[in-house]
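Participant: There's a structure below that I have some questions on.
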Amino acid sequence: MKGKLNKAPVWALGAMSGTSLDGVDAALLETDGQQIFAFGDSGYRAYTDAERQVLRAALGRWPGDNLSAAQQVVETAHTELLARFPQAGIVGFHGQTVAHEPRGRGTHQLGDGAALAEALGRDVVWDFRSADVALGGQGAPLAPFFHFACARWMGATEPVAFLNLGGVGNLTWVDPRKSGPEEAGALLAFDTGPANAPLNDLVAERLGLECDRDGALAARGNVVDGALELFLEDAYFRHIPPKSLDRDDFALMLDLVRELGDADAAATMTAMAATAVMLGMEHCPTVPARLLVTGGGRKNPVMMAMLQAGLDCAVEPVEAAGLDGDMLEAQAFAYLAVRVTRRLPTSAPGTTGVAAPVSGGQIARV
Ligand SMILES: Nc1ncnc2c1ncn2[C@@H]1O[C@H](COP(=O)(O)OP(=O)(O)OP(=O)(O)O)[C@@H](O)[C@H]1O
Ligand SMILES: CC(=O)N[C@H]1[C@@H]2OC[C@@H](O2)[C@@H](O)[C@@H]1O[C@H](C)C(=O)O
């Protein structure tokens with residue numbers, strides 16, 4: 001009887017606080033840990049400017065540093081948002097990545113799952129990345145197993161690719177004809193390069209803006225080839241995936257546009273993000289039928305046009321396939337939470353470079 005119950009779909013609530021530090025996304029998903037049965041309500045809780053400053057100060061810090069204020073920000077924002085969704089029995093809590101060095105000190109997500117479980121009175125799955133890193137994987141990206149389920153849900157019959165343009169960019173090539181996400185050759189995933197984070201930092205520093213909304217600034221500028229070429233010389237682009245990045249691994253690219261006017265600097269940084277994706281696409285086993293774009297960067301028409309101009313496949317927001325590009329990552333952590341409770345793998349050699357499929361995550365029970 002227990003085994004039978006374990007296969008039933010459940011409603012799970014996923015929460016993601018991404019590298020662009022804008023806020024927390026939460027979304028409900030009905031799943032058995034393999035198939036998507038239904039998408040549910042979602043919500044967003046922005047960080048205040050004061051909270052964002054506290055989080056920024058925590059970037060690059062590791063456990064043992066005094067991070068109690070930042071941890072409190074993460075836990076309070078999540079508790080406030082997640083309490084709005086009493087429907088879900090289980091919560092998938094990613095937390096806030098503040099440092100990521102898979103070949104060095106590890107990976108660090110702020111937020112204590114046990115504290116959140118107690119505050120919400122619900123079981124919380126958390127610490128999704130550590131086990132993969134401990135076993136030699138990159139610990140990221142983790143959304144690819146969910147991308148496989150999305151491709152199946154869409155009815156895809158040939159390879160498709162998902163691109164997340166968040167603070168960092170990450171690409172997943174999916175072959176939906178494979179039996180499952182852990183099968184060899186089903187997935188290839190990796191971080192492509194910086195996406196919005198350095199562009200946000202540029203416009204914040206120069207103009208006090210949160211982002212280059214709708215690509216308005218980049219649209220008025222010209223791409224400066226010399227700066228773009230210097231950026232593309234970075235060895236990261238030649239590394240064979242899987243590979244992953246920390247938010248600020250490319251922070252020095254701000255120096256490459258330091259002498260440029262605002263519009264040219266924005267256009268050049270937008271081209272840097274788009275060209276990094278184009279180079280990433282060359283690593284895919286086949287040209288996918290379509291590149292479905294999720295994350296905030298899909299709302300930047302300049303970035304999207306540059307991608308379409310440089311690629312041989314259709315470049316479309318995930319909404320073209322019936323998905324929600326603002327919530328895909330939150331949904332992914334709802335999906336992964338159910339997989340963890342059912343001891344199904346959450347990463348594999350093709351997604352993080354881990355030697356064998358691994359089921360990561362800890363479960364904090366109430
Ligand atoms: N209308 C818009 N025009 C241009 N850029 C936008 C727009 N809306 C959002 N963005 C960009 O998208 C970013 C937010 O993207 P998203 O929420 O996907 O990132 P994230 O989840 O925090 O990052 P990651 O996926 O790396 O963890 C914003 O910080 C901004 O740079
Ligand atoms: C260490 C970490 O938090 N990485 C994030 C980051 O943001 C985008 C990209 O870099 C991706 O690798 C990952 O997030 C998504 C949700 C993932 O794991 O799939």
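Readers should treat all values here as calculations from the given coordinates under stated rules, not as data from a laboratory. Predicted, not measured: the structure shown is a model, and the values here were computed from it. All Cβ positions, even for glycine, are placed from backbone atoms using ideal geometry, and neighbour counts span all protein chains on display.
Participant: Kindly provide the helix-only [θ] at 222 nm of the chain, computed as the sum of -39,500 (n - 2.57) over DSSP H runs of four or more divided by all residues, to the nearest 500 deg cm²/dmol?
Facilitator: -10000 deg cm²/dmol
Participant: Please compute the contact order of the chain in relative form: average sequence separation of alpha-carbon pairs under 8 Å and at least six residues apart, divided by the residue count, as a percent.
Facilitator: That works out to 23 percent.
Participant: Once phi is turned into θ = phi - 60°, what whole-Hz ³J(HN,Hα) does the Karplus curve with 6.51, -1.76 and 1.60 give for every residue of the range 250-257, x standing for Gly and Pro?
Facilitator: Calculated HN-Hα couplings, in order: 10, 4, 5, 5, 4, 5, 5, 10 Hz.
Participant: Where is the GNM fluctuation largest for the chain (alpha-carbon springs, 10 angstrom cutoff): ASN66, ASN196, ASN300?
Facilitator: Comparing ASN66, ASN196, ASN300 in the GNM, the peak value goes to ASN66.
Participant: What is the dipole size for the chain, taken about its Cα centre, with +1 at each Lys and Arg Cβ and -1 at each Asp and Glu Cβ, in debye to the nearest 20?
Facilitator: In debye, rounded to 20, the chain gives about 1340.
Participant: Say each of GLU158 and ASN66 gets a label point 7 Å from the Cα, pointing the same way as Cα to Cβ; how far apart are those two points in nm?
Facilitator: In this crude label model, GLU158 to ASN66 measures out at 6.0 nm.
Participant: Quick one: order TYR47, TYR335 by neighbouring beta-carbon count within 10 Å, fewest to most.
Facilitator: Lowest to highest Cβ neighbour count: TYR47, TYR335.
Participant: While we're here: Along the positive direction of the dipole of the range 19-131 (beta-carbon charges: Lys, Arg +1; Asp, Glu -1; about the Cα centre), which of GLN53, HIS94, LEU120 reaches farthest?
Facilitator: GLN53
Participant: Shifting gears a bit: What ³J(HN,Hα) values, in whole Hz, does the Karplus curve 6.51 cos²θ - 1.76 cosθ + 1.60 give for the range 98-106 when θ = phi - 60°, with x put for Gly and Pro?
Facilitator: Ordered by residue, 3J(HN,Hα) equals 10, 7, 8, 9, x, 9, x, 7, x Hz.
Participant: Quick one: how many lysine pairs in the chain have C-alpha atoms under 29 angstrom apart, if they're 8 or more apart or on different chains?
Facilitator: 5
Participant: Also, quick follow-up: Put a dot 7 Å past each Cα toward the Cβ at ASP225 and ASP41; how far apart are the dots in nm?
Facilitator: The answer from the label model is 5.4 nm.
Participant: Springs between alpha-carbon pairs under 10 angstrom, Gaussian network model over the chain: which of PHE148, PHE333, PHE231 fluctuates most?
Facilitator: Comparing PHE148, PHE333, PHE231 in the GNM, the peak value goes to PHE231.
Participant: Now for a separate question. Based on Cβ point charges of +1 for Lys and Arg and -1 for Asp and Glu, what charge dipole magnitude is obtained for the range 1-154 about its Cα centre, in debye rounded to the nearest 20?
Facilitator: The dipole magnitude comes to about 420 debye.
Participant: Based on the alpha carbons, how large is the Rg to Rh ratio for the chain when Rh follows Kirkwood?
Facilitator: Ratio of gyration radius to Kirkwood radius: 0.95.
Participant: Still on this structure, please answer the following. Can you give me the C-alpha center-to-center distance between the range 100-126 and the range 223-274, rounded to a whole angstrom?
Facilitator: Each part reduced to its Cα centre gives a spacing of 31 Å.
Participant: A follow-up question, please. Using the membrane-span-like helix rule (whole DSSP H runs, Cα extent along the own axis of at least 24 Å, mean Kyte-Doolittle hydropathy at least 0.0), which helices of the chain qualify?
Facilitator: Both cut-offs are met by 262-281.
Participant: Using only alpha carbon pairs under 8 Å that are at least six residues apart, calculate the relative contact order of the range 1-153 and give it in whole percent.
Facilitator: Contact order relative to length: 22 percent.
Participant: Each label point is 7 Å from the Cα along the Cα-to-Cβ direction; what then is the distance between the points at ALA263 and LEU135, in nm?
Facilitator: The two pseudo-label positions are separated by 5.2 nm.
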